[in-house]
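The values are calculated or read from the model by the stated rules, or taken from the named source; none is laboratory data. Here the structure is a predicted model, which means the values were calculated and not measured. Because the Cβ atoms are built from the backbone with ideal geometry, glycine has one as well, and the counts that use them run over all protein chains shown.
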Amino acid sequence: MPTKDATLKETGCFNNNHNNVTANIFISNPFFDKRDVVQVKYEMVRAVSNGEGNITEIASAYGFSRKSYYQASKAFELGGLYALAPQKKGPKRPSKLNSEVTEFINAFTEGHKNANSIEIADALEAEKGVRLHPRTIYRHLKKN
């Protein structure tokens, strides 16, 4: 069975700044785990909403900046506890796969029924000057 640290790291919820958390609730009660960034953010937002101090002091005690507090507070307000979990970083979709490229791929596959993604990538580069990885083309074709 994986450890809690391993699970937190795997899900992106491990608090890399856990050594900066000095809030009493995380020191005096073993239920609260300062390595769990979702729990720390939630408790920070809760502490401010309960009037347990000013935002700057509370954010600092929970290992965050004032700006991070406001981001967490807004995220919680809009999406609840789930919104406090770190979101996937990086591109959300292929950057070169725009409408012009997808139209070319779709038209090419209509005229060449047995073309594989490597052939399509080569034709795309030759005609449009766009180099797209064959795996990206494969995923596009599979999705459509």
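Observations on the structure shown:
- Positions within the range 1-29 being of a type in the set (Phe, Trp, Tyr) and in a helix (DSSP H, G or I), in sequence order: Phe26
- Filtered residues of the range 68-101 (kept if surrounded by fewer than 15 Cβ atoms within 10 Å (Cβ to Cβ), over 30 Å from Cys13 (Cα atoms) and not acidic (Asp, Glu)): Lys96, Asn98, Ser99
- When the criteria are applied in full, Gln87 meets the requirement of being of a type in the set (S, T, N, Q) and under 24 Å from Thr7 (Cα atoms).
- Residue that is closer than 20 Å to Lys89 by Cα and assigned by TED's automatic domain parsing to the domain that holds Ala59, where the choices are Asn24, Asn20, Asn16, Asn29: Asn16
- Counted residues, the range 16-67 - those being surrounded by fewer than 16 Cβ atoms within 10 Å (Cβ to Cβ), among the polar types (S, T, N, Q) and closer than 17 Å to Leu81 by Cβ: 2
- Any chance Ile58 is aliphatic (A, V, I, L, M) and more than 30 Å from Thr136 (Cα to Cα): yes
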